[in-house]
């Protein structure tokens, strides 16, 4: 016992900086900086209710961000999460509102639909060898169409708090007297912990990281690459399903034809958070922070009086800047490695 | 099967393109049988309205995909070009021809910016497109104060640009746009297959580093592919307004998907290095006929999206299979 | 070869799944009636099915259709912003040669060419919900719509009943917000302008100075945009960059979060719902003097519930049912060659007191 | 010699269009190092892939430890104790060393991967093999040699009974090769059967017991290593005897002018203060160990990588070379060591590859003159004996040697005066090799000058007129061919060891 303790966890001795990763610290600082900036500029931003709003509007993006981190780490991408989210919410909501299904069943339908589309993506990419970009572009178009087809083009008003089935909205926000608790944040934190654990300490995560690092080598190590590729996309799909629930719970109604663009926020957040575009590296905490940058910009810019159209420009510029800064940093850090690799 | 593929005529035309044309014809026949009043000249004209701008977008993105990149900001860029030049026309009373050039220039500008980031800053094309998409939407919206822009009608002053898609000859319409699209496609095909630029694009898509070490200034050419793509998005903008006159800021995403789908359907490989302009042209037509036919049998646009998705999956999968067999 | 087969099989399975599992064609009242009379066929194109407003219009039309024994097909794009899609649908309708077309145009000017084509083909067109001002002469025979500017004025008058005292009694600057889903659609922007102009007038009558700020388009179009520095009442207009719920909610949050806000107007169903979403965190809406007064537009289960429990002070409804009925009537008349003229289907103020009124309730769709 | 552990009999494997293995027999004893040799494409790797379950065989039997076996995937083979150390490093750069070693068979604690235990086990393993590597280090931070050691450690950790080494020494420095041989001898002691694929003739005698030769997918025969000569093996491999005799005298004219002069060239750690001159009609050999900076020097001269300082003179005039474009303009051609990555464009045709560097000369107005392009390419296809059905063939369909000739064609078409050949014969078969040697000699006769980087000393001695040896980023010596020997070069290459 004692001997083992002596030899083992080197990792335990690592400083917190190392464990969190340099990038995460930088992103965290940016989050704090943005928050401070908006608070300084706009007094209204400083309120608790604003924080609540930011959290509210961040849940669904955070969820798809966490989900899409997995395909990104395998070196792929999942574009179908945005339109998919709306599609699942429409299907689930249609069942609840027009078919009288109980809300919990509708929620399960959301997640299930997500899992099915995720599975479809996984099969197209893992087994049929389609380019991830293309395969998910197709499912993106398909989910956009399917959601509308299913709901007959109708917008779906999920039950409100107070009406029958409205309890599901309290999953994300609980009002005790006058105090509003952002319960959703708790779930997000729990999910982040859970998914971080899965990514770093279980076979699923390890193999997904390995596939992103070197797919062929992973295959030759006897890992069922197809299976774990599929799992990555199923995770992404399931999280899009969870995001569908979050979206339905926060916003009054869900309308078909929307949802395109969410995937960019999720993927953009993940990449700002340090997921490598070529796969193999990334962290869930990083994604969470990256998504937060986007959400703060989205919610914060209206507060300093900017019209909506400026937000789009600024978000675009921030994304490019983040990636260029990251590329430069990587170039400095890994020059020796790339030359080492050239020799192989 | 093999024998058919080796037939010199088939080889010349390209097996995939022949299959694709047959799909197009089969689709037309299908709708002719199942949709009421489908077979008419007006239907074809109506389908062509959609095919014009989609065709230009798809032709443009073919160049980028040939270099192994991707540009899915083309839809919003097209809208941005149409909105800004339209605003110059309607609010600042610029001459029409300058506005048309402005539209193309705006497209080319966004394309160049995109290409600059990809080629000189090494930002993955996927990310730059994402950002450019946001920026182009925002710019258009800021420029017009979030207003939609309506280009003038044919009968009005400055309305002649609408003749670019069709001209009334007696009682019939002559589809000028089709002629222009065809000529553009032929030029694109020549550029891609017969000129230095096209050769470099394709080589770049297959092995960028090898081309660089052959003493070719790859960054310049890589950027140029995006410029051409943006330029054609600017042209597409003209044909969009010629068909539909009105454009709104903040939209256009779905046309990316359809343009890329048309391009990939036509046999251009996402991995770069393989591209077929003819295939892209037919792919764009397939999507347009599908769109028209779906409406004609009483379904809506959503079915078109789903079916397009499925067609692309099948087309790409068959391509994956044939490549596997070869290697 | 077997893999090729497999891919085909997968393809077919997906197609069948799509066509069976996901239900048939779009709208509830898709194909015609059981009626047997004149065999008139109409095509009706709505702006979208996104809000239940359109369902109510379709319902009105369907009932009238059954009563009169005519047939109609209904279609509409995915969202009110898919202009090109709607043009394609309209062209398609012309090519199917119906006896008449009912059209709620997403964008009036995009339709002009096609209207000419309809005229050339001899197909009468009746516009509903939104008029088409520049239509080629003789193409649009009549319009059945709400006067949207007037409806905006109605909303302003409605909100004024609650705000009058507070505006007059205010010592500092007060703010009234407007969330417009869209700056591009004619009907929605008219409402916004009607509201802004009327509030401006009312405030001025009350001896206050007014400034309009926010979205440039509305600021530019407002009758009197005033001066922000000296104004007692600020009207802040916010327009989300796209017509989605979450963006409407974000903009609404930005308005509601300001401490001097006393009233807010959402100019259609989506924006009104956005205001309600934003309020979930803030809890500032209500009907009393210490709360922010919210006024919406159109109906739907969520807005209805909010009006009933007082979260939303009131709303303006149009008469989609009537609009549908009138459209069919006009189409039948037009098809028979009779002369027809425009009909104002009207808009009405409702709040929790008159929400059950027989004159109001039928128009409050879910 | 121990008892037989593995017998493969009558193995047959056909890929579409290729009969990759034709009735191959192979047998391996316990505690034996059995070399497998043959030209590229002879079927060595395919045979090993059949053995380890990566490919399924069409016909034949595999008897392992007395039982008939049939592995359907690499995992099954691993579990049975047959592992392969691949030619291309199979590292997962983003994971740690320990995580790499135990990939696919992690120690678990419930659902949690027990990384701590894996680190401990890896340390133990390294201690046993006498390798000094930190198991928690990220794989991508290690040198190529260390990465290779990890691969080997990984193979050994499978408790393997048979280990297949697929050209393990290709990426190693001399001292690392010694370490490797030490490990192999250790493994031998433990009665592990070792299959050793290599192209290096010298290694046969040093480390192997027997050598089996394959040619064109068929088994040719097996020799006892001690009793066989190099020529025996080569003649079995190619079916004919090729002599590799050292050049004894420089063929450069006494008064040949300097065509290229490099002065104080610096580019990072791998290129420090390099000075040399290249004469007209000379083949200048660059020797040294892997990682000694030869390739980096070449790339810096060519402008492929940025350089920090230094002057380059061509024909006496100072030139600025900041990118490959400049270099090509000044008549320098560079044939990269990594053909697939830097040389050919696999999805384009032979003629397109050939004219890539010189498209300007094949233009008719703005159009490419396809006819001229093809005629010119056909000329070289013939003179270089490139085996291709037509110039419109995609390069991906050619063999390695022919691909290399296509890259050569590219520079010949460009008519470069200075050619830098980086490992021109790496990974290509003996036949193509001698074709390339012949070509190089013809080129210098025509007055071109060649810098040849090579890891194979016999090649350096056979081709060069002068040899520059590099060590750790510096030029450690320069030898005239008359004085150069393998020993002298090795001595200069390992100065600091």
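Counting only alpha carbon atoms, the long axis of helix C:148-169 and the longest principal axis of chain C meet at about 20°.
Annotation: chain C has a Kirkwood hydrodynamic radius of 21.8 angstrom, from the mean reciprocal C-alpha pair distance.
In what order do C:342, C:107 fall by count of nearby beta-carbon atoms within 10 Å, going from fewest to most?
Working: C:342 15, C:107 26.
Fewest to most other Cβ atoms nearby, the residues stand as C:342, C:107.
The mean count of C-beta atoms from other chains within 10 Å of the C-beta of residues in D:336-345, rounded to a whole number, is 5.
If you take the Cα centroid of the range C:255-285 and the Cα centroid of the range B:93-130, the two points sit 38 Å apart. By DSSP, the beta bridges lying fully in the range D:258-493 are antiparallel in about 55 percent of cases. The distance from the alpha carbon centre of the range C:162-206 to that of the range D:122-190 is 78 Å, rounded to a whole number. Relative to the compact-globule scaling 2.2 N^0.38 Å, provide the ratio for the alpha-carbon radius of gyration of the range D:258-493. Against the compact-globule rule of thumb, the ratio is 1.00. Judged by the ratio a/c of the largest to the smallest principal axis of the C-alpha gyration tensor, the range B:14-326 counts as oblate, that ratio being 1.5 or greater while a/b is no larger than b/c.
For the range C:102-221, what value does the Rg/Rh ratio take when both radii are computed over Cα atoms and Rh is the Kirkwood radius, given to two decimals? Write down the numbers at each step before the final one.
Details: Rg = 18.5 Å, Rh = 16.3 Å.
Radius of gyration over Kirkwood radius for the range C:102-221 works out to 1.13.
When both bridge partners sit in the protein assembly as shown, DSSP labels roughly 45% of those beta bridges antiparallel.
Looking at the range A:58-301, what % of the alpha carbon pairs are farther apart than 27 Å?
32
Across the protein assembly as shown, Cα-Cα pairs more than 59 Å apart make up 27 percent of the total. How many angstrom lie between the C-alpha centres of the range B:294-319 and the range C:310-366? Cα centroid to Cα centroid, the span is 38 Å. The long axis of helix A:103-122 is offset from the longest Cα principal axis of chain A by roughly 40 degrees. For the range B:123-268, the normalised intensity computed at q = 0.11, 0.19, 0.20, 0.22 Å⁻¹ comes to -0.59, -1.31, -1.36, -1.45 (log10 of I(q)/I(0), Debye sum over alpha carbons, equal scatterers, no solvent).
Sort A:273-280, B:62-69 for me by packing, meaning the mean count of neighbouring Cβ atoms within 10 Å per residue, highest on top. Could the numbers behind the result be given before it?
Working: A:273-280: 21.2, B:62-69: 28.8.
Packing order, densest peptide first, comes out as B:62-69, A:273-280.
With neighbour counts taken as other beta-carbon atoms within 10 Å, the residues D:360, D:472 rank, fewest first, as D:360, D:472.
The three principal axes of the Cα atoms in the range C:148-318 give end-to-end lengths of 38, 33, 26 Å, sorted in falling order. Take each residue in A:276-283, count the other chain C-beta atoms within 10 Å of its C-beta, and the mean is 2.
Taking the beta-carbon count within 10 Å as an exposure proxy, list A:248, D:454 from fewest neighbours to most.
On the way: A:248 31, D:454 25.
Least to most surrounded, the residues fall as D:454, A:248.
Below 8 Å, C-alpha to C-alpha, sequence gap of six or more: please give me the relative contact order for the range B:14-326 in percent. Taking the mean separation of contacting Cα pairs over the length of the range B:14-326, I get 35 percent.
The angle between the Cα long axis of helix D:370-383 and the longest principal axis of the Cα atoms of chain D comes to about 70 degrees, rounded to the nearest 10. Residue ranges A:61-68, C:348-355, A:137-144, C:230-237 sort as A:61-68, A:137-144, C:230-237, C:348-355 when ordered by packing (mean number of other C-beta atoms within 10 Å per residue, highest first).
The C-alpha atoms of the range D:4-238 occupy a region whose extents along the principal axes are 50, 37, 33 Å, arranged from largest to smallest.
Indicate the gyration tensor shape class of the range D:122-170 (rounded, prolate or oblate), computed on the Cα atoms with a ≥ b ≥ c the square roots of the eigenvalues: a/c under 1.5 is rounded; otherwise a/b larger than b/c is prolate and the rest oblate. Display every interim value, and only then the final one.
Values: a/c = 2.12, a/b = 1.18, b/c = 1.80.
Oblate shape, in that a/c is at least 1.5 and b/c is the bigger or equal ratio.
Neighbouring Cβ atoms from other chains, within 10 Å of the Cβ of residues in C:89-101, number 5 on average. Protection proxy ranking of D:384-393, C:286-295, B:81-90, by the mean of other Cβ atoms within 10 Å over each peptide's residues and highest first, is B:81-90, C:286-295, D:384-393.
I need the Kirkwood Rh of the range A:18-140: take the reciprocal of the average 1/r across all distinct C-alpha pairs and report it in angstrom. Walk me through the numbers on the way to the answer.
Working: mean 1/r = 0.0579 Å⁻¹.
By the Kirkwood definition, the hydrodynamic radius is 17.3 Å.
Build a GNM of chain A with springs between Cα atoms under 10 Å apart, and of A:306, A:319, A:242 the one that fluctuates most is A:306. Note on the protein assembly as shown: helix-only mean residue ellipticity at 222 nm, from DSSP H runs of 4+ residues weighted -39500 (n - 2.57) and normalised by residue number, equals -17000 deg cm²/dmol.
Counting only DSSP beta bridges with both residues in chain D, tell me the antiparallel percent, nearest 5.
On the way: 48 of 83 bridges.
Percentage antiparallel, nearest 5: 60.
Need one number: the % of Cα-Cα pairs in chain D sitting beyond the 37 Å mark. Each step should come with its number before you reach the end.
Working: 42644 of 123256 pairs.
Result: 35 percent of Cα pairs exceed 37 Å.
The three principal axes of the Cα atoms in the range D:306-389 give end-to-end lengths of 46, 33, 23 Å, sorted in falling order. Semi-axis lengths, largest first, of the ellipsoid equivalent to the range C:253-366 are 35, 14, 11 Å, with √(5λ) applied to each eigenvalue of the Cα gyration tensor.
All of the numbers you see were taken from the coordinates with simple rules; none came from a lab. From a predicted model like this one, the values you see are computed outputs, not experimental measurements. Note that we place each Cβ from the backbone using ideal geometry, even for glycine, and neighbour counts take in every protein chain shown.
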